[in-house]
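All remarks here apply to the structure that follows.
Please treat every number below as a calculation from the coordinates, not as lab data. What you see is a predicted model, and the numbers here were worked out from it, not measured in a lab. Reconstructed Cβ throughout: ideal geometry from the backbone, glycine too, with neighbour counts over all protein chains shown.
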Amino acid sequence: MSDPICLITGVGPATGSALVRRFAKGGYRVAMLSRNRERLAALEAELPSAKAYACDVTDGTQIEARCAAIERDLGAPEVLIHNAVGGTFGSFLEIDPQALNRNFQINTMALLHLARRLAPDMVAKGRGAIVATGNTSAQRGRPNFAGFAPTKAAQRILAEAMARDLGPKGVHVAYLVIDAVIDGTPQRNLRKDKPEEFFIKPTAIADEIWHVVHQDRSAWSFNVEVRPYGEVW
């Protein structure tokens, strides 16, 4: 029971699964959070060191219960990767305000609840890492992203506030901006006319997060951006 523990939210078929595989390969026991535990059954069977937990991260009570279960089953996580994401697209006149609120709960408030629950143990041990996966919407607002960009911008600023607080205490907080369409997602299927270099590979995202989590303390990153070499920016 000496292997480190990594908790990953939003474990789906693309980035989330790639993260689970990368950290399991690196010797971690991985707690996988998703709203539907059954959808992770195959991944759980494939990776003996990974365990699935059903959790709606918009519910702070569920987050508390699942964190307690993870600590009981595996141990206290020293790495948290908040990959769960909620998005609604349309202009500010078109979106349902309640949808914006739900996306805020997933993207920003869940990060707050998870960090408040897990960071004190990391601080007590003098080590740990918290990474949130973001995207370009965290840096700019566009007309049809009114239901999404505000929540990702808030998420990035929250992560920065956490980084400035926790860094001197030995806990590394970083924000990964993914400036690309991720291969293996529904958005990828909508762009079948695009060449391969237009898309970013989930395994490449996972490798970069692995690198960030294991950076030397003398050279910690906060803002990290990744994009395909063919991306215009």
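For the chain, dividing the convex hull volume of the Cα atoms by the residue count gives 128 Å³ per residue.
Remark on segment 150-228: Rg and Dmax equal 15.0, 48 Å (Cα only).
Over the chain, DSSP H runs of length four or greater, each weighted -39,500 (n - 2.57), average out per residue to a 222 nm ellipticity of -11500 deg cm²/dmol.
The residues neighbouring Glu64, those whose beta-carbon lies less than 12 Å from its own, together hold a net charge of +1 under the Lys/Arg +1, Asp/Glu -1 convention.
Segment 169-233 and segment 48-120 have Cα centres separated by 20 Å.
If one computes P(r) from the Cα atoms of segment 99-233, what percent of pairs lie at distances over 21 Å? Numbers along the way, then the final one.
On the way: 4268 of 9045 pairs.
Tail of P(r) above 21 Å: 47 percent of Cα pairs.
Using θ = phi - 60° in the Karplus curve 6.51 cos²θ - 1.76 cosθ + 1.60, the 3J(HN,Hα) couplings for segment 215-223 round to 5, 5, 4, 7, 8, 6, 9, 10, 7 Hz; x is entered for Gly and Pro. Residue exposure proxy: Leu93, Leu19, Leu112, ordered by other Cβ atoms within 10 angstrom of their Cβ from fewest to most, comes out as Leu93, Leu112, Leu19.
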